[in-house]
Amino acid sequence: MKKGEEQARSLFGISLTERPKYQQFLICSSGFFFGYLVNGICEEYVYNRLSFSYGWYFTFVQGFVYLGLIYLQGFSTKQMVNPWKTYVKLSSVLMGSHGLTKGSLAFLNYPAQLMFKSTKVLPVMVMGAFMPGLRRKYPAHEYISAFLLVLGLILFTLADAQTSPNFSFIGVLMVSGALVMDAFLGNLQEAIFTINPETTQMEMLFCSTVIGLPLLIPPMLLTGEFFKAWNSCSQHLYVYGVLILEAMATFVGQVSVLSLIAIFGAATTAMVTTARKAVTLLLSYLIFTKPLTEQHGTGLLLIAMGIVLKLLSEYKFPIACKPKQQREEEDGIEDKEEKTPLV
């Protein structure tokens, strides 16, 4: 592939490359929102209705569903363009983040953990400036937009919390470590797509899953979760049907997220995933007709301001946001095209 030539990308048969950026964004975001909306419904049923909290085991089962779906998409290892060692680091960080997030709940209550996890977009932007192969620099309005989104989500989610955030030094260290790993993960995925544009979403998801599955076994065995989950699910076999449905939905969401990272970068993707939490919460209030307070309204206003500022900077003033050298080069190209006589 020649330098500067855009990699052809598609999402479940829908071509993205030839479409305008806003259409690419809408298609990828829609896939992500749909996948994780179904995922949320399934999680609500399994974790809350059935009181099954076997996160490691459920992730393990869903990993095999992923591999089956990837196989049906026609992917094979012959299509790989990156060495396996690239994905060893990726999977290790992914599992580390998952473990620290789960472990932090032993020291933090849910509102406190949610406050920290909601700030994910900010460390993603900061770490992007130091990631080899990226070295991204974001303008001030990007940080302001991210801050408004994060603050709005925190206000909204804590408005109806049954308990106040409860902080513990060890818990804060663990969830902070998970945040750093999440930030590293998103930027590492973007760096892989940037350094080798021929990398496909299916390759990244396949390799991460194959390497990640064995990493799930030690924590399942050490905590005894494997045997507890096996016995519980054996008595309620329909749970596997719910897990398969959840895995299929999450698969759509994961591939959509990787498409967003490949096309728009880790920071924009983190903002979309953060906004998804707000949309999911808002839908729960509308569907179940929960009362909205002034704090809910303030949170929604800040979220809307953050999203609008982001969209305005991306699509309303694209020329002003481009580096000066890039604008001059494009102006030069346009001048040459104007001077070229029509045949």
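Suppose the chain between Tyr240 and Leu67 were pulled fully straight at 0.36 nm per residue; how much longer would it get relative to their current alpha carbon spacing?
60.7 nm
How far apart, in nanometres, would the label points at Leu292 and Gln79 be if each is projected 7 angstrom from Cα along the Cα-to-Cβ direction?
Placing both labels 7 Å along Cα→Cβ, they lie 4.3 nm apart.
Among the chymotrypsin sites (Phe, Trp or Tyr not before Pro) in region 72-102, which ones are in a DSSP loop with at most 14 other Cβ atoms within 10 Å of the Cβ? Mind listing them?
The qualifying sites: there are none.
Run the numbers for Leu222 and Ala140: contour at 0.36 nm per residue of separation, minus the present Cα-Cα distance, in nm.
Numbers: separation 82, 0.36 × 82 = 29.52 nm, distance 4.59 nm.
Here the segment from Leu222 to Ala140 would lengthen by 24.9 nm.
Over 28 Å between C-alpha atoms is what I'm after, so list which of Lys102/Lys137; Lys85/Lys120; Lys117/Lys310; Lys89/Lys117; Lys137/Lys277; Lys78/Lys102 land there.
On the way: Lys102/Lys137 32 Å; Lys85/Lys120 26 Å; Lys117/Lys310 20 Å; Lys89/Lys117 22 Å; Lys137/Lys277 26 Å; Lys78/Lys102 35 Å.
Cα-Cα > 28 Å for Lys102/Lys137; Lys78/Lys102; rest within.
Please compute the length gained on full extension between Ile170 and Leu301, using 0.36 nm multiplied by the number of residues separating them and subtracting their Cα-Cα distance.
Gain in length upon complete extension: 43.8 nm.
Starting from the Cα gyration tensor of region 207-302, take the square roots of the eigenvalues, sort them a ≥ b ≥ c, and report rounded, prolate or oblate (rounded when a/c is under 1.5, otherwise prolate if a/b is larger than b/c, else oblate).
The shape class here is oblate.
Taking all protein chains in place and a 1.4 Å probe, what share, in percent, of the accessible surface of region 164-273 do carbon and sulfur account for?
73
The values are calculated or read from the model by the stated rules, or taken from the named source; none is laboratory data. As the structure is a computational prediction, the values presented were derived from the model and not from experiment. Neighbour counts are summed over all protein chains in view; Cβ atoms, including those assigned to glycine, are modelled from backbone coordinates with ideal geometry. Ligands, DNA and RNA are excluded from the accessible area calculation, which covers all protein heavy atoms including side chains. Shrake-Rupley method; radii C 1.70, N 1.55, O 1.52, S 1.80 Å.
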